[in-house]
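See structure below.
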Amino acid sequence: MKYKRVIVWFKNDLRLLDHAALFSACKESSEIIPVYCFDPRQFGEVELGIQKTGAFRAKFLIEAVDNLRSNLIGIGANLVIRIGKPEELIPELSVEFQAEAVFFSEEATYEEKAIEKNLENAIWKKGIETRTYWQSTLFHMEDLPFPVNQTPEVFTQFRKECEKFSIVRKTFKIPEKVNFPKTDLDLGNIPELSTLGLQEPVNSKKGVLPFSGGESAGMQRLQTYFWENDCLKTYKETRNGLLGPDYSSKFSAWLALGCLSPRYIYEEVQRYEKERKKNDSTYWLVFELIWRDYFRFISKKHGRKIFQLQGIKENVDNWRKDEKLFAEWTEGKTGIPFVDANMRELNATGFMSNRGRQNVASFLVNDLGIDWRWGAMYFESQLIDYDVCSNWGNWMYVAGVGNDPRGNRYFNILKQASNYDKKGDFVRYWIPELAKIPGFDIHQPNTLTKNELKAYSVHLGANYPHPIVAFSAKEKGVLVKN
Ligand SMILES: Cc1cc2nc3c(=O)[nH]c(=O)nc-3n(C[C@H](O)[C@H](O)[C@H](O)COP(=O)(O)OP(=O)(O)OC[C@H]3O[C@@H](n4cnc5c(N)ncnc54)[C@H](O)[C@@H]3O)c2cc1C
């Protein structure tokens with residue numbers, strides 16, 4: 001063994017299966033101390049009084065850390081838990097625990113890289129080694145057919161080159177046993193939500209899934225979606241759905257915290273293709289995981305730019321910063337039922353479908369003309385599956401400041417509603433005050449007569465807002481009040 005004792009610092013990789021750092025620590029060190037730090041900077045307020053991490057995601061994170069600890073106990077170890085800045089805590093713990101090295105996953109984005117750098121500097125001064133592992137993507141960074149700083153700007157080119165010239169590495173097995181020191185260590189407690197300054201979210205029974213954090217729940221979701229409910233073979237046809245657990249995989253929250261490894265999902269897709277069926281749908285799930293990789297490598301390539309107004313396209317547009325309009329959007333009170341239903345789902349559950357996200361994002365930036373970063377910040381706070389690269393990358397795309405060859409992605413909300421919620425069931429589910437309006441009419445209550453509205457118990461301006469934007473068939477929406 002090269003080392004007597006190594007700390008494995010867990011971050012957004014809260015799993016045992018396919019954990020390169022843990023796996024190699026088991027090979028190279030007699031003893032291992034797994035550590036997780038709740039970083040208070042993740043739980044403060046950002047602009048507009050928005051919480052950086054909202055209650056749904058914080059709860060999911062706490063559950064994931066708790067599950068990691070249980071699973072580590074299951075293989076003879078435990079998890080040391082602290083609240084504080086990891087770049088300060090980890091060097092202190094390394095000295096306290098007499099560790100010779102710290103192994104951890106490498107992140108892609110600016111704030112996370114800065115923490116890693118500061119930690120490495122502090123630890124280096126103490127004569128302790130660090131070792132980093134890239135393990136968040138399907139394709140390993142070292143296997144890309146180009147240097148990461150030359151990642152193709154256009155997704156299709158990125159995908160085609162990766163598919164042709166790269167491979168997906170095999171997963172690392174769960175270690176059978178992790179040797180944890182026998183001495184008394186202060187293990188630390190898992191914080192309550194209130195310790196992180198948050199309240200328990202109201203548990204909406206209306207959510208697509210009762211998301212529960214941790215590797216065990218993530219594996220169970222895969223088991224259910226692929227194998228028990230046999231949904232993979234129809235994924236491509238159903239993935240644009242809006243209601244229910246199985247129109248898409250819902251893997252995103254587990255992927256974001258690393259409870260599920262994309263390579264494990266890939267192996268399970270391959271097994272499914274062998275044992276059940278191989279078709280466009282089975283390919284398409286991998287295709288979507290490649291989108292996830294693309295945003296990660298693009299974020300790594302462009303550093304801070306992905307958080308800046310002009311994005312990576314350096315496209316300076318006129319964005320307004322109108323807090324009132326923004327509040328109407330966040331609260332699901334724009335008077336545009338398809339937008340409001342999606343935002344109400346997000347607020348009540350922490351989740352929104354991909355179709356919903358594209359529409360509400362386009363509405364905010366294209367129809368309301370609001371600074372896209374406000375939308376990204378709100379999603380960061382609310383989404384249970386918030387992932388820095390996927391979120392800011394997708395927002396840049398919708399805002400036209402990413403590298404989308406198709407230019408500005410404008411979504412005509414009514415057309416989208418007619419394609420994806422023709423009978424209005426999704427709106428009816430999330431906006432009960434409109435529920436009596438039959439069929440597609442629910443998407444445009446302002447076109448109904450006074451008598452019709454009365455018959456459906458809808459009082460525009462009272463129990464449901466007037467639309468803040470008027471649409472014409474060809475144009476973008478035009479603000480009707482402000
Ligand atoms: C404005 C906006 C913001 C977004 N923010 C996030 C975010 O913070 N975190 C996040 O994980 N996804 C984000 N997405 C991408 C996508 O909406 C979600 O990944 C998807 O809806 C999650 O549901 P699912 O797991 O059922 O997806 P599925 O359709 O089952 O897809 C499987 C997996 O592929 C990946 N994937 C699918 N679509 C995308 C995509 N467009 N970009 C990147 N990866 C994708 C996800 O990891 C997903 O879990 C965002 C999309 C938009 C338009």
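We did not get these values from a lab; they are worked out from the coordinates using the rules stated. Nothing here was measured: the structure is a model prediction, and the numbers come from that model. Note that we place each Cβ from the backbone using ideal geometry, even for glycine, and neighbour counts take in every protein chain shown.
At a threshold of 8 angstrom on Cα-Cα distance, excluding pairs fewer than six apart, so keeping six or more, what relative contact order does the stretch 3-135 reach in percent?
Working: 200 pairs, mean separation 42.2, N = 133.
32 percent.
May I ask you to work out the translational diffusion coefficient for the stretch 297-372 at 37 °C, viscosity 0.692 mPa s, via Stokes-Einstein with Rh from the Kirkwood sum over Cα pairs, reported in whole µm²/s? Each step should come with its number before you reach the end.
On the way: Rh = 13.6 Å.
Calculated translational D: 242 µm²/s.
In cubic angstrom, how much convex hull volume per residue do the alpha carbon atoms of the chain span?
Working: hull volume 72.3 nm³, N = 482.
Normalising the Cα hull of the chain by residue number yields 150 Å³.
Name the residues whose placed amide hydrogens come within less than 5 Å of the amide hydrogen of ILE32, ignoring near sequence neighbours (fewer than 5 apart) on the same chain.
When sequence neighbours closer than 5 places are left aside, the close amide H contacts are VAL6, ASN179, PHE180.
Among rounded, prolate and oblate, which fits the stretch 190-327 when a ≥ b ≥ c are the square roots of the eigenvalues of its C-alpha gyration tensor, a/c under 1.5 means rounded, and a/b larger than b/c means prolate?
It comes out oblate by the Cα gyration axes.
For a quick check: with amide H placed at 1.01 Å from N, whose amide H comes under 5 Å from GLU129's, ignoring anything fewer than 5 positions away on the same chain?
Hits under the 5 Å cutoff: ALA101, VAL102.
Helix-only mean residue ellipticity at 222 nm, the chain, DSSP H runs n ≥ 4 weighted -39,500 (n - 2.57), per residue, nearest 500. What is it?
The helix-only estimate for the chain comes to -12000 deg cm²/dmol at 222 nm.
Net charge near LEU260: determine it from the other residues with C-beta under 13 Å of the C-beta of LEU260, scoring Lys and Arg +1 and Asp and Glu -1.
Details: positive: ARG15, ARG221, LYS250, ARG263, ARG292; negative: ASP13, ASP18, GLU215, GLU267, GLU268, ASP385, ASP387.
With Lys, Arg at +1 and Asp, Glu at -1, the net is -2.
Express as a percent, rounded to the nearest 5, the fraction of DSSP beta bridges in the chain (both residues included) that run antiparallel. Walk me through the intermediate numbers first.
Details: 3 of 25 bridges.
Once the DSSP bridges in the chain are tallied, antiparallel ones form about 10 percent.
Which distance in Å, rounded to a whole number, links the C-alpha centroids of the stretch 387-414 and the stretch 308-338?
Rounded to whole Å, the Cα centres lie 13 Å apart.
With a 10 Å Cβ neighbour count serving as the proxy for reagent exposure, in which order, fewest first, do ILE442, ILE73 appear?
On the way: ILE442 26, ILE73 13.
Going from sparsest to densest Cβ surroundings: ILE73, ILE442.
Rounded, prolate or oblate for the stretch 3-135? Axes are the square roots of the Cα gyration tensor eigenvalues, ordered a ≥ b ≥ c, and the cut-off for rounded is a/c under 1.5. Intermediate results must be reported in sequence, preceding the final value.
On the way: a/c = 1.93, a/b = 1.33, b/c = 1.45.
It comes out oblate by the Cα gyration axes.
What ranking of VAL360, VAL469 emerges when the number of other C-beta atoms within 10 Å of each C-beta is taken as an exposure proxy, fewest first?
Details: VAL360 30, VAL469 19.
Listing VAL360, VAL469 from fewest to most nearby Cβ atoms yields VAL469, VAL360.
Give me TYR272, TYR420, TYR378 ranked fewest to most by other Cβ atoms within 10 Å of their Cβ, as a rough exposure proxy.
TYR420, TYR272, TYR378
Lys/Arg Cβ at +1, Asp/Glu Cβ at -1, dipole of the chain taken about the Cα centre: which of ALA58, LEU198, PHE158 is farthest positive-ward?
Selected residue: PHE158.
Report the relative contact order of the chain, percent, no decimals, based on alpha-carbon pairs under 8 angstrom and at least 6 residues apart. The partial results should precede the final answer.
Numbers: 806 pairs, mean separation 80.2, N = 482.
Computed value for the chain: 17 percent relative contact order.
MET352: net charge of surrounding residues, Cβ under 11 Å, Lys/Arg +1, Asp/Glu -1, itself excluded? Mind showing how you got there, number by number?
Working: positive: ARG344, ARG355, ARG357; negative: GLU345, ASP385.
Taking every Cβ under 11 Å from that of MET352, the sum is +1.
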